[in-house]
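Peer 1: Right, I'll just put the structure down here and ask away after.
The numbers here are math on the coordinates, done by the rules we state, and not lab data. Model, not experiment: these values are computed from the prediction. Positions of Cβ are generated from backbone atoms using ideal geometry, with glycine treated the same way; all protein chains shown enter the neighbour counts.
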Amino acid sequence: MGGGQIVAGCLAPHPPHLVYAESPPQNEPKAEGGWEQLRWGYDRLRASLAEVEHDVVVILSPHWQTYVGTHFLGLPRFEGFSVDPVFPNLFRYTYDLSIDLDLAEGIHAEAMSAGLDAHMMRNPDFRVDYGTITTAHLTDPSWSKPLVVISSNRSRHYYSVEVMQEMMAELGRATRKAIEASGKRAVVLASNSLSHRHFTTEPEVPEDMSHEHITSHAMHLWDMRIIDHMINGRSKQLLDEMPEFTDQAIAETDGGALTWLLHALDLPDYNATLHGYGTVIGTGNAIVEWPAWRHREDSA
Amino acid sequence: MTVVASFLVPVHPHPLLAPEANEGYGRLRAAFEEAAARIEASGADLIIVYSTTWPSIIGHQIQADPNPVWNLVDHDFHDLGTMHYDFQIDAEFAHAWRDAAEQRGLTARTVNYHGFPIDVGSVVSLSLLNRNNRIPAAIVSSNVYANRAETTVLAKSCIDAAQAAGKKVAVVAAMSLSNRMFTRRIEPEDDRIHSLKDDEWNSKILQFLGDGRLEDVGQLSRTIHNQIRVQKVVAFKPMWFLSAMNDHRNDLTGEVLAYEALHGAGGAVVHLDPASNGKGDKEYDEEDVEVFGGDRNVLDTESDHAEDGTTAPQAPASSPGSGPALWDPVEGEDAVNTDTAPKPVGAYPHARRVGDMLYLSGVGPRQPGTNAIPGGPIHDEAGQPLDYDIKAQTQAVVTNVERVLKEAGGSLEDVVDVTSFLVDMDRDFAGYNEVWAETLGKVGPTRTTLAIRALPTPIAVEMKVVAHLPK
Ligand SMILES: [Fe+2]
């Protein structure tokens, strides 16, 4: 085949708090709202993605942590009940998702031929991680598209941010090649926060927004710097600063999702769209879209 | 004795799901089975699991679903199969532990949710150590931000709750030694410890543990973590927990039941028996700690700053607010003072010794360090009455009495006479009397209970204690 393309890439973080605040039927706990800045950001992202036709959504979440290679969900369908182990009071979600198995196997094969250790996950009892479910829900609560779900290899822990970036660059390129070969139009999602220092206490009412703010000024400065790179087309500089950012902001970019995304998008030099920024229990979260399809039309 | 046995066990699923895949996994499986038999023989009626594969952020989470049932699949080793679990959890103990943790200044909560994802370390250890599921268990998370002091206090709160419930406890730390795995899939027959350096460190740790030198390993935790641990979420903390559960002892009777590679990581089953091996000495480098002083809240802008410039914990809901000034206890030749008891509200010592006799100053329920009042203050800063729990206050008084006695080399057993003061006899006598019966009532001192108009802080109960210390 051929002719496939990534129509958009997004930084789409997964605080379960946002799903909780929305109180959708799939989630057991119900809230009085909260974290509206971020939820409005997701409204804008959804509206933007609705403008571009796509066949499949590819997600890399830092909460399917694998230490032995990169893994792909490898059955056509996964159903289950996801409970966040850290915030079980907020997130207990019934899911039923379908997998684009052809594309998953295509990316798996490309990753293997690029020299990465890769595996298909074919155990039907596997519980899909809450990061993937949260990001998938927030970008499409109707779950209308099949997914490709990729694990987060923890090479940052085994080696360094630099090695993580090299591996994720390979995985990003493999993802792009496989999507192009598939003939499909894909939206690619990196599911991670930016600065990631949490408060260690929770207000009695979790959605009490009078408690919500960034944990420290340094975290705020880092988040703003990274966002500035994204919305001004400076992918390469962002990647150059990733080791310092990841260490100093204890950023959730350690899982490699953002590095993978930028390489899947082939290091975009056009400006990304910031749909929203807000903190969740002190951590910094940005919802950012690289509208690749617009860029292609512009340059055509 | 509260802790009747302690164990270190690995967290990987291989001994549970694939013991036949290589001889090492089989030996680990056999060691698990031996450990299970020893737990049975120890007479334990509660198994405590501290698992590094259950990280938490909001304080310490304690499993409280009485019967969690689910199918767990490992994130990496999903091809080994599914781990079905169906455990018996002591929910009552979980709640008591949470309360005890809060009394010592920690943030803690119980979790009781259908489908809660119990972590792989807990599932492997409970499945193999408690196979007929006969002994109820408690599982606690490993807080990612907790340091040694906090982890030590968590263990002490566990002991508080276990002692109050009269439990005999087997403690299990689910953790790897060196935790570096091969980053590519290997065949089981090729499994070995990832590197010689990891193997050497593991051997050193196991030599210490085999010698029963648990506290020494605890003191080395940070070094070990830096040397042979991939910096995943949770550090080499279980040794702090395990050591504090064993009163920071270095003379336990240790035995390494197995040590094998698990996809490159070091997996060991070790038994630590509280019986003294007759050798070993304490070599304290770091101080013991009784209450959590809130070091984790460095980033919490709501916390108060103490005079010494350190960050104080967030004022608990039960904080007495502004009250009389606190004094350092008066020093003197016969004075007995301890940081583990609340500070005096005037110029006097915690206790004074005359020969074998120990006279305690009036003891209330305030918590050392935080000054919080378990069960809540009896009125707010404006003097408006508040609802409070007399039983929690009385229990805290007894605990504070015990701390002063311990400092003097004694225990509750040595108390001979008590005068109790209640600010509301009608409301509180029954609850106070109930806690008395469960604690000092069992020792049998003489007692006089008086109603008085007020105490210097917003508390409902205070005791004046006289003890006769052992020679
Ligand atoms: Fe996360």
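Peer 1: If neighbour count is taken as other Cβ atoms inside 10 Å, put A:225, A:156, A:197 in order from fewest to most.
Peer 2: The fewest-first ordering by Cβ neighbours comes to A:225, A:197, A:156.
Peer 1: Another one. Which whole number gives the average count of other chain Cβ atoms within 10 Å of the Cβ atoms across peptide B:138-147?
Peer 2: 1
Peer 1: Test of understanding: given chain A, find the longest segment containing no GluC sites (Glu not before Pro) that are in a DSSP loop and have at most 12 other Cβ atoms within 10 Å.
Peer 2: A:54-203
Peer 1: Out of B:196, B:337, B:9, whose Cα points farthest toward the positive end of the dipole of chain B (charges: +1 Lys, Arg; -1 Asp, Glu; placed on Cβ)?
Peer 2: B:9
Peer 1: Normalised by the residues of chain B, what does the relative contact order come to in percent, with Cα pairs under 8 Å and at least six apart?
Peer 2: 15
Peer 1: While we're on this one: Using the alpha-carbon atoms, what tilt in degrees (0 to 90, nearest 10) does helix B:120-129 show relative to the longest principal axis of chain B?
Peer 2: Tilt relative to chain B: about 90 degrees.
Peer 1: With 18 Å as the limit, write out which pairs from B:167/B:406; A:145/A:184; B:406/B:464; B:156/B:237; B:343/B:464 have Cα-Cα distances beyond it, or answer none.
Peer 2: Details: B:167/B:406 21 Å; A:145/A:184 12 Å; B:406/B:464 16 Å; B:156/B:237 15 Å; B:343/B:464 16 Å.
Too far apart for the 18 Å limit: B:167/B:406.
Peer 1: Now for a different question. Quote to one decimal, in nm, the extra length available between residue A:113 and residue A:225 on full extension: 0.36 nm per residue of separation minus the C-alpha distance between them.
Peer 2: In short, 36.8 nm is gained.
Peer 1: Between the alpha-carbon centers of the stretch A:198-255 and the stretch B:330-384, tell me the distance in whole angstrom.
Peer 2: Taking the Cα centre of the stretch B:330-384 as reference, the centre of the stretch A:198-255 is 45 Å away.
Peer 1: If you rank A:64, A:143, B:436, A:40 by fewest surrounding Cβ atoms within 10 Å, what's the result?
Peer 2: A:40, A:143, B:436, A:64
Peer 1: Between residue B:347 and residue A:210, how high is the FRET efficiency from 1/(1 + (r/R0)^6) when r is the Cβ-Cβ distance and R₀ = 35 Å? Nearest 0.05.
Peer 2: The computed FRET efficiency comes out at 0.25.
Peer 1: Students often check this: by mean Cβ neighbours within 10 Å, which of A:114-121, A:12-19 ranks highest, and how do the rest follow?
Peer 2: Most protected by this proxy first, the peptides run A:12-19, A:114-121.
Peer 1: In debye, nearest 20, what is the charge dipole magnitude of the stretch B:49-146 about its Cα centre with +1 on Lys and Arg Cβ and -1 on Asp and Glu Cβ, if you could check?
Peer 2: About 240 debye.
Peer 1: Next up: What shape does the stretch A:128-229 take by its C-alpha gyration tensor, where a ≥ b ≥ c are the square roots of the eigenvalues and a/c under 1.5 counts as rounded, a/b above b/c as prolate, and the rest as oblate?
Peer 2: oblate
Peer 1: Any idea how far apart residue A:105 and residue A:236 come out in nm if each label point goes 7 Å out from Cα toward Cβ?
Peer 2: 3.9
Peer 1: For the residues A:216, B:195, B:125, what sequence is obtained by ranking on other C-beta atoms within 10 Å, fewest first?
Peer 2: Ordered by Cβ neighbours within 10 Å, fewest first: B:195, A:216, B:125.
Peer 1: Right, here's the next one. Across the residues of A:117-123, average count of Cβ atoms on other protein chains within 10 Å?
Peer 2: 4
Peer 1: Using a 7 Å offset from the Cα along the Cα-to-Cβ direction at both residue B:471 and residue A:125, what is the distance between the two label points in nm, to one decimal?
Peer 2: Computed distance between label sites residue B:471 and residue A:125 equals 6.3 nm.
Peer 1: Next question. In deg cm²/dmol and to the nearest 500, what is the mean residue ellipticity at 222 nm of the protein assembly as shown if only DSSP H runs of at least 4 residues count, each as -39500 (n - 2.57), divided by the residue total?
Peer 2: -10000 deg cm²/dmol
Peer 1: A follow-up question, please. Please average, across the residues of B:66-78, the number of beta carbons from any other chain that are within 10 Å of each residue's own beta carbon, and give a whole number. Kindly include the intermediate steps, with their values, before the conclusion.
Peer 2: On the way: counts 0, 0, 0, 0, 5, 6, 3, 6, 3, 13, 11, 3, 10.
Mean shielding count: 5.
Peer 1: Counting alpha carbon pairs within less than 8 Å and at least 6 residues apart, what relative contact order, in whole percent, applies to chain A? Walk me through the numbers before you get to the answer.
Peer 2: On the way: 675 pairs, mean separation 91.8, N = 300.
Relative contact order for chain A comes out at 31 percent.
Peer 1: A further question follows. Using only C-alpha atoms and all pairs of different ones, pull out the Kirkwood radius for the protein assembly as shown in Å with one decimal.
Peer 2: Taking the inverse mean of 1/r over all distinct Cα pairs, the protein assembly as shown comes out at 28.0 Å.
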